[in-house]
Structure formats: C-alpha cells, structure tokens
Amino acid sequence: MTQRPTPPRLAPPDPDAVAANVAAALAEDLGTGDVTAALLPDRAATAKLLCKQDAVICGRPWFDACHRALDPDVRIDWHVAEGDRVTAGTVLATLVGRSRALVSAERTSLNFLQTLSATATATAQHVAALAGTGTRLLDTRKTLPGLRLAQKYAVRVGGGENHRIGLYDTVMLKENHIRAAGGIAAAIADAHTRAPGLPLVVEVETLDELREALAAGCTRILIDDFDVAMRREAVAIAHAAPFDGRIPLEVSGSVDLDALRAIAADGVDYVSIGALTKHVQAIDLSLKLQDV
C-alpha cells in the first residue's frame, strides 16, 4: 500500500552530483568487470524492485542512473513517487533490460536507494514527532563521506530542512572560534565584517553568552546541551524585550526521538539532529530478476 501525500516543493538533486556519485560507486564495485554476470546469457529480462518494510522512498535518481549507466535502453517503470510512504511488500518498480546489466547494477543501485530511503524515513519520523509544535527539524554535517548532498536531499524528501551544507556557506561560531576572537561580541563583529553576506550561527554555553549573542545580532543561536531549566529560561530571554523573538533558537546535542516533542514544547525554533544521516539503518530492498 502506498500513501501519496501532497508532494512538497522539492528541488531535484543536482544531476552532475548524482552522476558523480554513481560513477564512483560503479567503479568501486565493477572494477575491471563483473566476472559473475559474464557467466549469464545476455538476454532481455525483467526485474521487480521490492520494499520489505515500511519506508519513505528516496533515491530514485541514483537508482535510475546506476541502471542507465550500464544499459542506456533499460526501461524503469516506477509504481511509487519520490517521497511516498510505502508498507512492507510494496513493489516499487519494474525494470526491463539486459540481464547482465540488471544484475551488475543491482547492488550499487540498491545501496543508494536503501541508504537515502533510510535517511528520509528517519527524518519523516522526527518531523511527525514535531507536528503541531512550530519547531522545525534540521540536519547536520554528520553525513556519509561523499554523500553529503544526497543525504541532505533525502532529509528534504523526509520533510526536514538543511543546516549548512559545508564549511563555506554559513559562518558558525563555536567555543574555539569565540575564545580565539576574545569573546562572543568580538567574534560576531568580526564575522559580520569578514563575511557580511553569509548566515551567522552562534553557539552559546551559558545564559550570559546567550544575552551577549542576542545583543550583538546573528542569524540563529545554538543552545547546545542546555538542561531543561536553562533551555526554558533561554526561550524566555530570547522572546522577551528587548529581543522579542527576532533571533531563533536551535537545540542540538543528545537529542533523540523520544525527547523531541518535550524539547519542542519549550518553544525552541529548531532542533538539529545528526542521527538522521549518521545512524543509518538501511531499508530492506530486493531486486528479483525474471525472464521476459
């Protein structure tokens, strides 16, 4: 069974990034050639793609690119859309192509689909826990090496939002940066001068540092590992005069699914969770080959 919610406005993945991911993965797997597939008669065949557990499906562009790289004429008939929630036993797609190419692309294509669907599924679970609270879910840079853009895309498919993509698109001041600059106000002033066009996120460790960051001005403030009482007081300070809630607060650090709704109830604007992309439990998929 497939649930088809109203699709979000979702920018497609960069085709060049998809192609680069697929080329690297196929080269890693195929090497000088698939010696087992070479034993098969190379004839027309069909294959069915099965999902063996409940999931949010993500990664179709990578799956398709794997198969088309080895058989440009392969036909892939998808029965679900990107971002659909499916139940165990759902046939996701039917493929018709050359038998050798289908089996050679099988593992690499499934690796992408199972990994990105895992991230999208975990994200959707966390988004559901936040429903109705007004708190928004962010990812982090704790991604699988080489799959940063792919996993960030999967977070969006699951209904979450992206934190910074890398070290180049957002200034993020943490303890070491602040200490080196001589304090929060000095670090913020320097960031405004040196990188005036970039978002500025500041991590604070105490309520006094929070007040200093609010007064200096930034895009968002990260309250990392605050206990419940400090978190609630931080929200009260940020929402009271003279700050009036203009700078959103983000919670990060030791956040799990069970605690998520209670954190949101305290009134924070964002929660960032590294587990969405680093604690990946692959979705169980299979690709079964049949003769035409």
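Structure data summary
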{"item": "Sequence-distant residues sharing a close amide H with D284 (under 5 Å, placed H)", "result": "K52, Q53"}
{"item": "Over the chain, equivalent-ellipsoid semi-axes from the Cα gyration tensor in Å", "result": "44, 21, 13"}
{"item": "For L50, net neighbour charge (Lys/Arg +1, Asp/Glu -1) across residues whose Cβ lies under 12 Å away", "result": "+2"}
{"item": "Residues E175, E250, E28 arranged by fewest to most Cβ contacts within 10 Å", "result": "E28, E175, E250"}
{"item": "Residue exposure sequence - D54, D34 - by fewest surrounding Cβ within 10 Å", "result": "D54, D34"}
{"item": "Lys/Arg +1, Asp/Glu -1 at C-beta; the stretch 160-281 dipole; positive extreme among G267, F226, A189", "result": "A189"}
{"item": "Max mean-square fluctuation residue, GNM over the chain, Cα-Cα springs under 10 Å, options I57, I188, I273", "result": "I188"}
{"item": "The chain - charge dipole about Cα centre, Lys and Arg +1 at Cβ, Asp and Glu -1, debye rounded to 20", "result": "660 debye"}
{"item": "The stretch 138-146 - phi-based ³J(HN,Hα) in whole Hz, Karplus 6.51/-1.76/1.60, Gly and Pro as x", "result": "10, 8, 9, 8, 7, 10, 5, x, x"}
{"item": "Relative contact order computed over the stretch 132-278 (Cα-Cα under 8 Å; 6+ residues apart), in percent", "result": "29 percent"}
{"item": "Ascending count of other beta-carbon atoms within 10 Å, so fewest first, for M230, M172", "result": "M230, M172"}
{"item": "The chain: DSSP helices with Cα axial extent of at least 30 Å and average Kyte-Doolittle hydropathy no lower than -1.0", "result": "99-129"}
{"item": "Solvent-free Debye scattering, log10 I(q)/I(0), computed from the Cα coordinates of the stretch 132-278 at q = 0.14, 0.18, 0.20 Å⁻¹", "result": "-0.68, -1.10, -1.31"}
{"item": "Sequence-distant residues sharing a close amide H with T135 (under 5 Å, placed H)", "result": "none"}
{"item": "Lys/Arg +1, Asp/Glu -1 at C-beta; the chain dipole; positive extreme among H239, G97, G159", "result": "G97"}
{"item": "Hull shadow area, averaged, the stretch 74-166 [alpha-carbon convex hull, nm²]", "result": "7.3 nm²"}
{"item": "Rounded Å value of the spacing that divides the Cα centres of the stretch 267-292 and the stretch 159-208", "result": "30 Å"}
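Readers should treat all values here as calculations from the given coordinates under stated rules, not as data from a laboratory. Since we're looking at a predicted model, the values are computed, not measured. Reconstructed Cβ throughout: ideal geometry from the backbone, glycine too, with neighbour counts over all protein chains shown.
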